[in-house]
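The structure under discussion appears below in the form of structure tokens.
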Amino acid sequence: MAGRPDDTAAADRVTGASRTALILVAATAALSLLFAIQYYLGGPIRLPVISEVLSVAVSPDQRSIAAGSQDGMVRVWNMPAAFSSAILAEFDLARAPTWPVQGLTGHRGAVIELVYEPESGDLISVDSQGEVRFWDPAQGKPTRSMTIDGPVSDVDFSRDLSTMASVGTDNRVALWSVETGQLIGRLGSPASARWAVALSGDGVLIAAGMGSHIQVWDAQTGTLVWELAGNCESQALETEDECLQDDKSWLAHTKAVTALAFSPDGALLASGSADTTVLFWNIQTGKVASSSEGHWGPITSLQFDPEGRAVLSTGADNVLKTLRLPGGKSSGTYGGHFGAVERATWGPLDTMLVSASSDGTIRVWETANQYTIHMEWSRLGLQRVWGRTLAGWMLVSGILGLVAAWGLSRIERWSHILAMALFMLGPIVVIGLPLFEVLGYPLVTVTRLRISWPLILLAVWYTALLVALMREPVALLYEAPRSARLAEQLQASQRTIRLRFGVYGVGVWIGLLVLLFTVLRRFKLDVAFMGHFFSFIMGGASITLYISAASIALAVVLALLGALGRLSRNPIANGISSFYISLIRGTPLLVQIFVWYLGLPQLGIRLEAELAGILALGVNYGAYMTEVFRAGIQAIGKGQHEAAHALGMTRGQTFRRIVLPQAFRIVIPPIGNEFIAMMKDSSLVYVMGVWELTFRANKVGRQNFRAMETFLIAAAFYWVLTVAFQFLQGKLETRMARGERK
Amino acid sequence: MTEPIIKVRGLHKYFGPLHVIHGVDLDVMPAEVVVIVGPSGGGKSTFLRCLNFLEEPSAGTIEIDHVEIGVRDTGAKHRQLIREIRQKAGMVFQQFNLFPHMTAMENVIEAPLTVKKLDRPAATAKAEKLLSWVGLSHKRDEYPSRLSGGQQQRVAIARALAMEPKIMLFDEPTSALDPELIGEVVEVMERLAHEGMTMLVVTHEIHFARDVADRVILMADGGWVEMGPPGQFFTEPKEERTRQFLAHIL
């Protein structure tokens, strides 16, 4: 920009490129606000998002699959006659043809339950508002409807569909006649949280969760038959304390019961819980017959097969499992959904299962290899959370953007920084994460573009906006107002350059984190599993920290002694020191650990595993750091020694008071490096069975065939620790650098 | 007649095969200011550094304030004598050699604390006086990196004086300074001379030599060329070598 410092204030006008940037910011903010307002008022412009599928049923003729979703729609897909569970070699989920679908509309609430009438093939749907509709799928219209008290969180039908049990969000359990829609009776108190209800096939028993307990009533009389709270695996022991003292398992749910189902013969009650376990209760005795673990997230639904030989369990960990009965051992795991699996059922054919998920899809699975053989979307789109996130972002960025535009028009420096930070950091998360997520969907590229085009458009828009904001003439106008004195201009420019550097730096970090996150997600990690064992693995963190800290302390002392030895003119000290360095640096750390742990006991010196680890690591890193210290000490100039000697200081005083403090400052960065390396090498002590971080990650990972997941947790911890340490090191360096030219 | 405070007899110094000082003798009386000038490589600095054993002399004897050391001795007794001499002879270096990790004040009190085992209040009080004497009491808490060369050298002089030396050795104290900073250091040295300090100064500052020195020595090729009061030394030198040297620098 032309213009000299002595130009008048007239030079500070928003012209040219700056005006373009200002207009772009203002327009972006205004449009964002408009979008947010229409979104929250229920307007039509929104991101294409899926509708979570909450219920699924297979028609009696095994040809149709009905799915009810969050948007109140029941979709019925008709399976092509030729469809079979045989998987073709070149099977590609993304390119498989979709099935003809019929939409049944009319529900106002989310459709939470679907049942086919076995004789007539009619479909019954229940929504969360308590409306029950009866459909003839051939006509696509409801034949009749009835309303029970809503809102409803779970319902279950008897086998002949004559009665229906419901539990409301008000925690009340009720029994209804399906013929008349009349209330038959209410059961239990609404005192505690109830999420699940089940009705036995013959309609005789009702079970409902009550916190982590289960209440079972006789449907005819309304009397409480059982309150199932759990019992010891050894039936003789009554209380939990006795049971645990005897080293037996206490079989009970520890968190809310979230799913219930009666076996077809009514002898068993299966219960699933937010504690991720499934229990099978013997209704005759009221005791737990068997238990099943294997899900890593809360159980969302349970479904017996018609013969009572297996149970389908679905979980918020994105998988469904088949549990074989008796015993409840897992006989199959079906993974692939990218959201919680809400429901699953047997069919359409003998060798298939169908599942409904909050990722907006239903999947058909074959049971031999547990592969997905078909997938349908409720509505093609992004996960629903992204729709909400974008609206929230638009609201916030709209308001802040207007503030920034106001500031920009008045040539305020902060507004330029605000605008840059806002429109760089926000979009990276709000657009970057969903865009990357779509890349992971099993869809052809054209379809992916159909979902994500608004995001791509937004990304282009924001990029243009950023480019406009960051162009040099624009930046100059805000960084260094022409009207200010030259010295002020230069100072302001310096400050702003630093700030801009910071903004860009943070932007790059967040962008790379998003990228890393996305890449990791493509690894198909079992996130629920990671969450489940996170605290167990982290239990090793304190040991890791302790071993690292103790080892580094030992290493620093040894390194100092070693360096003195190396610099000494005493041949014995010099020899010992150089031998130490040579031996330790020349042999592998792992071997040294074994020597300390397994070799020393031969001499009658028995060390604790942790102590042996600290000694091995400390001695090893001491040898490496000796060289660092030696270099640091030698870097202190001869003049410093002479000045101290000339003052009458002895060699010891000179070293302690003059040389060492200066050498320390020099060696801090390389010592920091060594410490970071040691923190990670401390995992080697796991060979001695110390229960530190890596040991735990390894143990859990191998037991569950999820080594990648557990090691990633450990890696993340090491990284966080390293970042924290680098921060501290930076502080220390600044402190030690006093006297250094700044 | 008082005794000389510095007595050097037959001082030789070899660096390997290189014979740097060819057996020189020197007596310096208390409160006398002796300036040594001469061409580079003539052995001036080496001679000075031999006096407090920063360089171990190869032959000869050195006696400073009645402490006599035979050269080429070893052992604890010898090291103890060297430390005694060093406490009697303060030294100021060309490169200042302040301790960069200490403030001006800490630089000055360091040796009194560690060597003389003074308590901190006493050392600090004395250092305050010295810093104010060199005109730097306002810089007492600055690190050397924040001081100009002239200020650093003045702190270095205060640091040496804090040990209450009998003599002061100056090894080209102004050679590393920008021309406009030389004056402030020379001024301090002049005041020191006026207060009766025995000073042995290696320098190229002819003005200082002419105005302050009691005796000027020309040293070249490891030996004395000419020695005399400044009036005679600068105006009517006896030796041809001295005339050549003066012609170069004046």
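The values are calculated or read from the model by the stated rules, or taken from the named source; none is laboratory data. Keep in mind the model is a prediction, meaning the values are calculated, not measured. Ideal geometry is used to build each Cβ from the backbone, glycine not excepted, and the neighbour counts take in all protein chains shown. For the accessible areas, the whole protein counts, side chains as well, though only heavy atoms, and no ligand, DNA or RNA atoms are used. Shrake-Rupley method; radii C 1.70, N 1.55, O 1.52, S 1.80 Å.
Being of a type in the set (A, V, I, L, M, F, W, C) and either on the phi > 0 side of the Ramachandran plot or surrounded by fewer than 23 Cβ atoms within 10 Å (Cβ to Cβ) (or both) is the filter; apply it to the stretch A:629-648 and report the residue that is nearest to the other protein chains (Cβ to nearest Cβ). Among those residues, the one meeting the criterion is A:Ile636.
Residues in the stretch A:464-490 that are more than 13 Å from A:Met420 (Cβ to Cβ), free of Cβ contacts under 8 Å to residues at least 40 places away in the same chain and part of a helix (DSSP H, G or I): A:Glu472, A:Ala487, A:Glu488, A:Leu490.
Annotation note: Cβ proximity below 9 Å between a residue of the stretch A:583-607 that is assigned by TED's automatic domain parsing to the domain that holds A:Val685 and open to solvent by less than 60 Å² (accessible area, probe 1.4 Å) and a residue that is in a loop (DSSP other than H, G, I, E, B) and not aromatic (Phe, Trp, Tyr) (sequence gap 6+ or interchain) occurs for A:Leu600/A:Arg606; A:Leu600/A:Leu607; A:Pro601/A:Leu607.
Might you let me know whether the stretch A:664-686 holds any residue that is of a type outside the set (A, V, I, L, M), out of contact with any strand residue (DSSP E or B) (no Cβ under 9 Å at 6 or more places or on another chain), part of a helix (DSSP H, G or I) and within 14 Å of chain B (Cβ to nearest Cβ)? Among the residues of the stretch A:664-686, at least one is of a type outside the set (A, V, I, L, M), out of contact with any strand residue (DSSP E or B) (no Cβ under 9 Å at 6 or more places or on another chain), part of a helix (DSSP H, G or I) and within 14 Å of chain B (Cβ to nearest Cβ), which makes the answer yes. For the stretch A:103-115, the criterion of being assigned to a loop (DSSP other than H, G, I, E, B), open to solvent by 40 Å² or more (accessible area, probe 1.4 Å) and farther than 30 Å from A:Gly392 by Cα is met by none of the residues.
Selection of the stretch B:144-172 for residues being within 12 Å of chain A (Cβ to nearest Cβ), open to solvent by 20 Å² or more (accessible area, probe 1.4 Å) and under 15 Å from the mean Cα position of the chain (by Cα) yields only B:Glu164. Residues that are of a type in the set (Gly, Ala, Ser), farther than 23 Å from A:Met79 by Cα and modelled with pLDDT under 95 do occur in the stretch A:340-358, at least one of them.
Assess whether A:Leu583 counts as being more than 14 Å from every other protein chain (Cβ to nearest Cβ) and either farther than 19 Å from A:Phe695 by Cα or modelled with pLDDT of 90 or more (or both). Yes; evaluated as a whole, the condition is true for this residue.
Is it true that A:Arg384 is touching a residue at least 24 places away in the same chain (Cβ under 8 Å) and among the charged types (D, E, K, R)? In short, yes. The set of residues from the stretch A:463-497 being of a type in the set (D, E, K, R) and either open to solvent by less than 20 Å² (accessible area, probe 1.4 Å) or modelled with pLDDT of 80 or more (or both) comprises just one member, A:Glu479.
Across the stretch A:694-708, not a single residue is classified as part of a loop (DSSP other than H, G, I, E, B), within 14 Å of chain B (Cβ to nearest Cβ) and among the basic types (Lys, Arg). When the stretch A:141-168 is limited to residues that are in contact (Cβ under 8 Å) with a residue 40 or more places away in the chain and among the β-branched types (Val, Ile, Thr), the one that is nearest to A:Glu119 (Cα to Cα) turns out to be A:Thr163.
Residue-by-condition table, conditions (1) modelled with pLDDT of 90 or more; (2) closer than 18 Å to A:Val557 by Cα:
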site: A:Ala631; (1), (2): yes, yes
site: A:Ala635; (1), (2): yes, no
site: A:Ala643; (1), (2): yes, no
site: A:Gly648; (1), (2): yes, no
site: A:Arg651; (1), (2): no, no
site: A:Arg656; (1), (2): yes, yes
site: A:Arg665; (1), (2): no, yes
site: A:Ile668; (1), (2): no, yes
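Considered as a group, the residues in the stretch A:373-398 that are out of contact with any Lys or Arg (no Cβ under 9 Å at 6 or more places or on another chain) and assigned to a strand (DSSP E or B) include one that is most open to solvent (accessible area, probe 1.4 Å), and that residue is A:Trp377.
Being part of a loop (DSSP other than H, G, I, E, B), at pLDDT below 90 and surrounded by 15 or more Cβ atoms within 10 Å (Cβ to Cβ) is the filter here; which residues of the stretch A:80-102 pass it? Answer for the stretch A:80-102, where residues must be part of a loop (DSSP other than H, G, I, E, B), at pLDDT below 90 and surrounded by 15 or more Cβ atoms within 10 Å (Cβ to Cβ): A:Phe83, A:Ser85, A:Ala96. Determine, yes or no, whether A:Phe725 is among the aromatic types (Phe, Trp, Tyr), assigned to a helix (DSSP H, G or I) and either open to solvent by 30 Å² or more (accessible area, probe 1.4 Å) or more than 14 Å from chain B (Cβ to nearest Cβ) (or both). Yes; evaluated as a whole, the condition is true for this residue. Could you check, for the stretch A:32-48, whether at least one of its residues is part of a helix (DSSP H, G or I), at pLDDT below 90 and over 25 Å from A:Tyr462 (Cβ atoms)? No, because not a single residue in the stretch A:32-48 is part of a helix (DSSP H, G or I), at pLDDT below 90 and over 25 Å from A:Tyr462 (Cβ atoms).
Between A:Leu607, A:Leu590, A:Leu617, which is of a type in the set (A, V, I, L, M), part of a loop (DSSP other than H, G, I, E, B) and away from chain B (no Cβ under 14 Å)? Among A:Leu607, A:Leu590, A:Leu617, only A:Leu607 is of a type in the set (A, V, I, L, M), part of a loop (DSSP other than H, G, I, E, B) and away from chain B (no Cβ under 14 Å). In the condition set (1) within 14 Å of chain B (Cβ to nearest Cβ); (2) buried (at least 20 other Cβ atoms within 10 Å of the Cβ); (3) among the charged types (D, E, K, R), A:Arg651 is compliant with all but (2). Quick check, is A:Arg19 open to solvent by 40 Å² or more (accessible area, probe 1.4 Å), touching a residue at least 40 places away in the same chain (Cβ under 8 Å) and out of contact with any strand residue (DSSP E or B) (no Cβ under 7 Å at 6 or more places or on another chain)? Considered against the rule, which asks whether it is open to solvent by 40 Å² or more (accessible area, probe 1.4 Å), touching a residue at least 40 places away in the same chain (Cβ under 8 Å) and out of contact with any strand residue (DSSP E or B) (no Cβ under 7 Å at 6 or more places or on another chain), A:Arg19 comes out as no.
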